[in-house]
1. Along the Cα→Cβ direction, 7 angstrom out, place labels at HIS174 and ASN30. What is the inter-label distance in nm?
2. Note down the nm distance, to one decimal, between modelled labels 7 Å out along Cα→Cβ at LEU114 and at LEU165.
3. Give me the angle, in degrees from 0 to 90, between the Cα long axis of helix 3-32 and the longest principal axis of the Cα atoms of the chain, rounded to the nearest 10.
4. For the chain, what does -39500 (n - 2.57) per DSSP helix run (n ≥ 4), summed and divided by total residues, give at 222 nm, in deg cm²/dmol to the nearest 500?
5. Sorting SER45, SER73 by accessible area (1.4 Å probe), largest first, what list results?
6. Please compute the alpha carbon radius of gyration of region 1-121, then divide it by the globular-protein estimate 2.2 N^0.38 Å. Two decimals is fine.
7. First compute the accessible area of region 1-96 with a 1.4 Å probe, then give the percent of it belonging to carbon and sulfur atoms.
8. Roughly how much of SER48 is accessible, in Å² to the nearest 10, using a 1.4 Å probe?
Amino acid sequence: MTFKEYKRLDLGIWLLMIVIFEGIATLASNSWFAAQPVVISITISIVSAVMMRWSWYAAMHAIAGGFAFCLASGATVEQYAIYCIGNLGTLVSMILIHFWGKERIRLDNVKRTLLVIAAYTGAVFGRWGVSLIFDGSIETLKVFMMTDIVSLLFAVVVIHLLARLDGMIEDQKHYLLRIAREKDR
């Protein structure tokens, strides 16, 4: 398998996972917490992992997570725009990746946590920014912050669990080269 084929396959698997699991999580949240302003989303988790693996390709996953959420929740056209475009705010975490480097983030619990917090904050402000086009307000920002707070906690746990598995939140080119070197020894 070539690197290009591996990359396409890996990105496709993560894309499939975000669509399926975001849909399931949304349906479950709507069923279990129907009376509560809480959303359990895996978008922040998966986008954070894909950013570490493939950098900017995570944009596809941010959009797909928003699309799956909207599809599963019976969203309006405005909500599709808010979530699909607003989720691109997660990519603000790329600033941390640029300054710290993927390897330092992969090896440091605090940096991993800050990466996820930045993705969450970027998504919240991204969604809010798009909502302003549709008469959003400061109250809308508060709603986005509070409904997704459980998703933030979930994402932090997921990223730390993935970090324990070799190569899961590692730049994939670096990972494959590292594995090849270890194999040659």
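The values are calculated or read from the model by the stated rules, or taken from the named source; none is laboratory data. The structure presented is a predicted model; accordingly, all values stated were derived computationally and were not measured. Cβ atoms come from the backbone with ideal geometry, glycine included; neighbour counts cover every protein chain shown. Accessible surface is based on the protein model in full, side chains and every heavy atom, while ligands, DNA and RNA are left aside. Shrake-Rupley method; radii C 1.70, N 1.55, O 1.52, S 1.80 Å.
1. Taking the simple label geometry, HIS174 and ASN30 are separated by 3.9 nm.
2. Between LEU114 and LEU165, the simple spin-label model gives 2.7 nm.
3. Roughly 30 degrees, rounded to the nearest 10.
4. The helix-only estimate for the chain comes to -25000 deg cm²/dmol at 222 nm.
5. SER73, SER45
6. 1.10
7. 74 percent
8. 0 Å²
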